[in-house]
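A quick write-up on the structure given underneath.
The values are calculated or read from the model by the stated rules, or taken from the named source; none is laboratory data. All values derive from a computational prediction rather than experimental measurement. Note that we place each Cβ from the backbone using ideal geometry, even for glycine, and neighbour counts take in every protein chain shown. For the accessible areas, the whole protein counts, side chains as well, though only heavy atoms, and no ligand, DNA or RNA atoms are used. Shrake-Rupley method; radii C 1.70, N 1.55, O 1.52, S 1.80 Å.
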Amino acid sequence: MAYKFDKNIRVLELCSVLDTLSKLCSIEDAANIALSLKPSTDFDTVSKNLKNTEDAYLLTAKYSAPSFGRVVNVTSSVSRADVGASLSIKELLEVAEVLRVSRSIKDWGENSALGHDNSLYGLFELLTPNKFLENKITFAIKNEEELHDSASPLLSDIRRKITAKSAGIRDNLDRIVRGPMAKYLQEAIITQRDGRFVVPVKAECKGEIKGLVHDTSATGSTLFIEPMSVVEANNEIRVLRLREQDEIARILAELSGDVAAFAESIKLSFDALAQLNFIFAKASLAYKMKAIVPKLNSKGYIYLKNARHPLINMRSVVPITVTLGGEYNTLIITGPNTGGKTVTLKTVGLLTLMAMCGLMIPADDSSEIAVFDKVFADIGDEQSIEQSLSTFSSHMVNIISILNECDDNSLVLFDELCAGTDPIEGAALAKSILMNLHSLGAKTVATTHYAELKSYAVDEKGVENASCEFDVSTLKPTYRLIIGTPGRSNAFAISERLGLDKAVIERAKEQVSEEDMRFERVVASLEAARSDAENEHKKAIKFRAEAEEIRRKLSLQEEEFRKKRDKIIEDSREKASHIIEKARQDATVLLNELEETKKNLKAENAASLLDKARADYKKTINKMEEDANPVVKNEAGEKLAVMPNVNDSVVITNLGREATVVATDDRNKKVQVVSGSMKMWVKLAELSASNKKKTREIPKTRNVTGLKSRAERSVSGEIDIRGMASDEAILELDRYIDSAVLSGIGTVTVIHGKGTGVLRKAVHDYLRGHRNIKTFRAGLFGEGENGVTIAEIKD
């Protein structure tokens, strides 16, 4: 491809972004990949690269980024080992580090539950841990300069002998240093020369200590002599040292051979590590920039929502929203200098190149980027002293090159198009260039001060004006991009604010044609109308937010009220239940006493007394239950279909309480009612018509109104309590056993179902303590098994 991105990459400052990316890589090769990154024009490649970045971004968010350490490229070392070379200790340690990091990253991927659908799965699969070789290297090598004694049995034996020989020599020399011959020494020390133990002897006393002279001091006053008594031992150490080096060389050769055996997998692992480090660095850059994954297209459409230039401090950058390639292919940005026009231009170009490099972009969700075949930028001072070209000439050379190369899938960015020459000719030339690009279908963004280009954007379909907002009152730009409104240079207003004589300004205005002044007035009017509409929009948003907050608070208050009301009712029921239970226990004691009395009375008197006592007992219990229930049930009529009138009687369906209507809200379909001491708003759907017939809520377990004689009483031999709560079931069972005892039934069957066993346990616990139950057991096969309990009643 003849087209090259290099110049445009430099102009749009992509290199600075890539430099930041490279510093996030811990592996040098990954940093080099980042620095050499180029935009791709292939849609599938860009999509794949962005997917890699997105998957790394999501994995980092969920599991935090993996650590790649500081591994170095071992490809060359491994290749040397593969052809039989012996690697150095340092090279072997570097190979071991690659194996260790490969194993660590592989484990990280497995712990992250990396699926086949993840775009990084293939790179993680290329990692080949080799714990055997990794351990063998680290077991043998102590540091970059020496091996462990345990690297081999022979090396351990040699070093043990060297240590023993050295100790013997030291003992021998210690006797010289500390004995009578010490007076011949320059210093009472033992040192080494060329790996042999010696003592420093005074030059004038050299004949007093027999031995070999290995060195002299710089002044010649000291001779370093190896006494004859240790010469043989030193010779043996020298031999052992040679054997040690031979063994070290053998061990390194063996380890190098092991590396060669796995050369291909080690190379692949390192390459995969470098790629993964690069991809996770892209994810880290995205977090740093608060970036998103843009939607890609090949139609030349760009939509950047709240885009931020990545090289400007995040706390000071002003986001911009830009659209291009949809309703219009050419965007002409006007406005005063230092207003943000060039930053807007660079933001569009740089974010496009970043996306084409597979990088996430600093913008809001729903942003969209096109993959272009070519991206051109003519920005900045292109004056060339070497070629004797002026600024205008240099820009024109660049523009000619752009016009010769661009097509309908090109993005073209011009900063101050055709500036630096005669304004009339420059404006005409700029308009012609934009018309040419527009006819080609290229997507173009240009900044300018020419009023002719503003008019062109108004008249030509597919061309749109934009402006960088400027606050004349403060003489400062706001850096906000306004699409659809041409900008003003504000030269007169700025000059007046700075103190230029009004007469000078008025005389200047007279030099401007009426047509230009009329155009400027229209632009000013449009800008004022836009500003007013924007302010009104902000107010509307504020009021809506306040209304939503009020609605939220009211909803919370209503919910809190409902919870309090339900809690009061529940507390009342619970207290009433305790009262009833206490009364029931007292009554049971009373009945037991009556049973005892019955045994001591005549049969005819006992039966009548017991029947009367039981009837009184039931009557008292029923009355207490009615009095204790705080909720009055009403027989509700049909649901209300229309809004009731004030003072109408209604029933609150979910509470079962009768209430009186005191106010209505037709719009929200709500009714304000009073029930007792409670006053509340209720939805119309929760109300029913009142039949004016009140009844008390009576528990279904308390439906005994009196006792019959045994002759009149007909009691079934079984009771079904399935589906009841434990407390309700026990009350029903208690009533049933009383009736069974009075009816003379000997055996009863309690059907409680299997379920979780909670109800069965409650039944067994109750029967176990009942004075009228002789024995009980679970049902047998054919009787219901664990779903029933058979109880035998005492005679």
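Structural remarks
- Neighbours by Cβ (under 6 Å, 6+ apart or cross-chain): first from the range 262-275, farther than 25 Å from residue 23 by Cα; second in a loop (DSSP other than H, G, I, E, B): 262/130; 265/128
- Within the range 127-145, the set of residues being surrounded by fewer than 17 Cβ atoms within 10 Å (Cβ to Cβ) and either closer than 30 Å to residue 229 by Cβ or hydrophobic (A, V, I, L, M, F, W, C) (or both) comprises 132, 139.
- Output for the range 327-343, where each listed residue is open to solvent by 50 Å² or more (accessible area, probe 1.4 Å), in a loop (DSSP other than H, G, I, E, B) and modelled with pLDDT of 85 or more: 327
- Residue satisfying all of: in the range 611-667; hydroxyl-bearing (Ser, Thr, Tyr) and within 30 Å of residue 589 (Cβ to Cβ); modelled with the lowest pLDDT among these: 617
- Test: residue in the range 161-180 that is open to solvent by 30 Å² or more (accessible area, probe 1.4 Å) and under 49 Å from the mean Cα position of the chain (by Cα): no
- Considering the range 55-64, and only residues there that are hydroxyl-bearing (Ser, Thr, Tyr) and assigned to a helix (DSSP H, G or I), the residue that is least open to solvent (accessible area, probe 1.4 Å) turns out to be 60.
- Test: residue in the range 97-104 that is touching an Asp or Glu at 6+ places or on another chain (Cβ under 8 Å), part of a helix (DSSP H, G or I) and not charged (D, E, K, R): yes
- Some residue of the range 424-431 being modelled with pLDDT under 85 and surrounded by fewer than 22 Cβ atoms within 10 Å (Cβ to Cβ): no
- Of note, residue 67 does not satisfy the criterion of being within 27 Å of the chain's Cα centre (by Cα), part of a helix (DSSP H, G or I), closer than 20 Å to residue 282 by Cβ and not aromatic (Phe, Trp, Tyr).
- Count - residues of the range 17-54 that are surrounded by fewer than 18 Cβ atoms within 10 Å (Cβ to Cβ) and either under 27 Å from the mean Cα position of the chain (by Cα) or among the charged types (D, E, K, R) (or both): 12
- Which numbered condition residue 449 fails, given (1) at pLDDT below 80; (2) open to solvent by 50 Å² or more (accessible area, probe 1.4 Å); (3) of a type outside the set (Asp, Glu): (1)
- The set of residues in the range 431-454 that are small (Gly, Ala, Ser), within 18 Å of residue 416 (Cβ to Cβ) and not in a helix (DSSP H, G or I) contains only 446.
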